[in-house]
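The values are calculated or read from the model by the stated rules, or taken from the named source; none is laboratory data. Just so it is clear, the structure is predicted and the values come from calculations on it, not from any experiment. Counting neighbours? That spans all protein chains shown, and the Cβs are built from the backbone with ideal geometry, glycine included.
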């Protein structure tokens, strides 16, 4: 009987140890996945931390009403306020030493594309990063185009053209304005390379 009790205690200790190992592994795996997601898609990470992902079950809005609602907002001309505070900020920034010119090289493009997700939403050209990683001859052309955009201090319209997606927040909706999130995914490539060059 004493041996049986000892054996039961031994098995309980092993089970407790395995449980602790599983708990440590789960916590470490969660941290690892969150760190990876933070590197690739911070917005999705923060959304997953805020609330559990729930798919909407309410009736979908009418497509024509949705388009008309957002077109009305986006079609309004933008009137920037050029108040006196802009002159104050400009005078305060006058003494700041300008940043050295950013030079984007093909190596910068290669390094940025190397860490990019292979199948992230493509731009107007329909070209995913997977193909850019293989076609290294494109890196020279991309570096030149990015450098020209920086030198001219203006972006081509294709850099800021994106695809709009309706993202639901709750399960039930009653009007178009109840859909608070309507996001536009712009081309990821230009942000990727320019940020890479600035960080370097």
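Does any residue of segment 115-131 turn out to be modelled with pLDDT under 85 and over 26 Å from residue 44 (Cα atoms)? For segment 115-131, residues modelled with pLDDT under 85 and over 26 Å from residue 44 (Cα atoms): absent.
Taken together, the residues in segment 85-115 that are under 21 Å from residue 148 (Cβ atoms) and not in a helix (DSSP H, G or I) amount to 8.
Results for (1) more than 28 Å from the chain's Cα centre (by Cα); (2) at pLDDT 90 or above; (3) not assigned by TED's automatic domain parsing to the domain that holds residue 114, shown as yes or no for each residue.
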residue	(1), (2), (3)
15	yes, yes, yes
20	yes, yes, yes
27	no, yes, yes
41	no, no, yes
46	no, no, yes
58	no, no, yes
66	no, no, yes
71	no, no, yes
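When the residues of segment 126-152 are filtered to those that are without any contact (Cβ under 8 Å) to a residue 24 or more places away in the chain and not in a helix (DSSP H, G or I), which remaining residue is nearest to residue 38 (Cα to Cα)? The qualifying residue nearest to residue 38 (Cα to Cα) is 128.
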